[in-house]
Structures are given as structure tokens and as C-alpha cells.
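Taking it in order: structure first as C-alpha cells, then the write-up.
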Amino acid sequence: MSEEAAILWQDILDLVMGGRVSNLACPFCQKGQIQVTKLARTTRLECPSCRQFIEGAFQDSMETDSPDPLVITKEGQ
Ligand SMILES: [Zn+2]
């Protein structure tokens with residue numbers, strides 16, 4: 001990932017960390033809405049329009065076992 005991309009993602013991450021998981025306009029293509037997917041220990045942000053994405057354990061200081069409106073992807077169930 002380029003440094004510029006990391007900076008753009010940081011703005012989105014700040015919003016997500018603040019609890020916002022919808023109406024996240026993609027800073028790359030300006031067309032897509034960033035989709036937030038929480039996995040067991042990682043969070044994935046992806047634009048369905050231009051396919052830019054970032055993935056990582058961004059919430060290591062937060063518990064994720066409470067119900068929330070995030071999109072949960074569970075495979076094999
Ligand atoms: Zn996009």
C-alpha cells in the first residue's frame with residue numbers, strides 16, 4: 001500500500017473506530033460506499049466499486065463480542 005493510500009484509509013479508519021460503519025464514501029473512487037466486515041480478530045474495509053481494501057486488527061483495545069450492526073462474515077456455518 002502506498003503512503004498516500006494509507007493516509008486516505010486513516011480517515012476512514014478514524015470514522016470506523018468512532019463507531020461509524022455506514023455512509024462511508026470511498027476516498028479513492030468517490031463512488032463506492034466502504035463496506036466494513038468484522039472477522040474474529042480483524043476488520044476489513046473494502047470498496048465494492050474500485051476494490052480498494054485494507055485489513056487488520058484495528059480494534060485491539062476493544063472487545064468485539066457485543067452485538068453490533070457490522071456485517072459479520074462467517075463461513076462454514
Ligand atoms: Zn472506491
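Computed from the coordinates by the stated procedures, all read-outs in this text should not be read as laboratory data. This is a predicted model, so every value here is computed, not measured.
In whole Hz, what ³J(HN,Hα) sequence does segment 44-52 give by Karplus (6.51, -1.76, 1.60; θ = phi - 60°), x for Gly and Pro?
The phi angles translate into 10, 10, 9, 8, x, 8, 10, 6, 5 Hz.
Under a 5 Å amide H to amide H cut-off, with H placed in plane at 1.01 Å, what residues pair with F58 once short-range neighbours are removed?
T43
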